[in-house]
1. If I model a spin label as a point 7 Å beyond the Cα along the Cα-Cβ vector, how far apart are those points for ALA61 and ILE105 in nm?
2. Could you tell me which of rounded, prolate or oblate describes the range 1-81, using a ≥ b ≥ c as the square roots of the eigenvalues of the alpha-carbon gyration tensor, with rounded for a/c under 1.5 and, failing that, prolate when a/b is larger than b/c and oblate otherwise?
3. Return ARG27, ARG126 ranked ascending by Cβ neighbour count within 10 Å, so the fewest neighbours appear first.
4. If you take the beta carbon distance between ILE17 and LYS154 as r and set R0 to 22 Å, what does 1/(1 + (r/R0)^6) give as a FRET efficiency, to the nearest 0.05?
5. Give the order of SER104, SER170 when sorted by the count of other beta carbons within 10 angstrom, beginning with the fewest.
6. Pairs of alpha-carbon atoms within less than 8 angstrom and 6+ residues apart define the contacts here; what relative contact order does the chain have, in percent?
7. Ratio to report: Rg/Rh of the range 1-47, with Cα atoms as the point set and Rh obtained by the Kirkwood method; give two decimals.
8. With equal scatterers on the alpha carbons only and no solvent term, can you work out the Debye log10 of I(q)/I(0) for the range 96-161 at 0.14 1/Å?
Amino acid sequence: MMKPDPVVFFLISILVIASIMDILSSRIPNWLTFPALAAGISYFTMVKGYEGFLFSLAGAAAGFGLLILPFIIGGTGAGDLKLLGAVGSILGAQGVFAVFIFSSILGGIYALAALAAKGLLAATFRRYGIILKGFIITQQFVYIPPGIKEKEIKIKFGLAIALGTGSYLSFGFYT
């Protein structure tokens, strides 16, 4: 069972606000992510000194690092990147990696559900099947871009991060 830690309650509050902001505006604002990041680093520095500072800093760096490539290629937003960094500042590098895995799985399920809701799931699977078939036959990867309707679907990854963090905390990994 998870011990009642004030920093965990703070993190949950930040994630609830971030989820609401992401759902309503497709943005996770800096006024939320930067103070959360600073609070995580400050908290662990005060509680555990230099070791806590390094723990928190490594977690923040890991959180940023896990989403930097998806951000660069346009697969996620800057708010998602900063939110995962803030989560890392509280849960550390190992914790944020687990959160990233949970969030990616839940985000994938969310994406499949969004495609299915728009009637695009079968067409998307066909497109990827053609890409895979072409690769197997020619040994060359030729990407076929999504159609206009597929591009219109926007995944709120901040929500997936919140649910991934909730899963991580619920399964008792944070001690």
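Coordinate-derived values only; no laboratory data. This structure is a prediction, so every number in the text was calculated from the model and none was measured. Please note: Cβ atoms are built from the backbone with ideal geometry, for glycine as well, and neighbour counts cover all protein chains shown.
1. Result for the modelled spin labels: 2.8 nm.
2. On the way: a/c = 2.31, a/b = 1.41, b/c = 1.64.
Since a/c reaches 1.5 but b/c is at least a/b, the shape of the range 1-81 is classed as oblate.
3. Numbers: ARG27 14, ARG126 11.
By the 10 Å Cβ count, ascending, the order reads ARG126, ARG27.
4. Values: r = 19 Å, r/R0 = 0.88.
Between ILE17 and LYS154 the formula returns 0.70.
5. Values: SER104 16, SER170 12.
Going from least to most buried by this count: SER170, SER104.
6. Details: 226 pairs, mean separation 48.8, N = 175.
Once normalised by length, the contact order is 28 percent.
7. Working: Rg = 12.2 Å, Rh = 11.6 Å.
Answer for the range 1-47: 1.05.
8. Here log10 of I(q) over I(0) equals -0.54.
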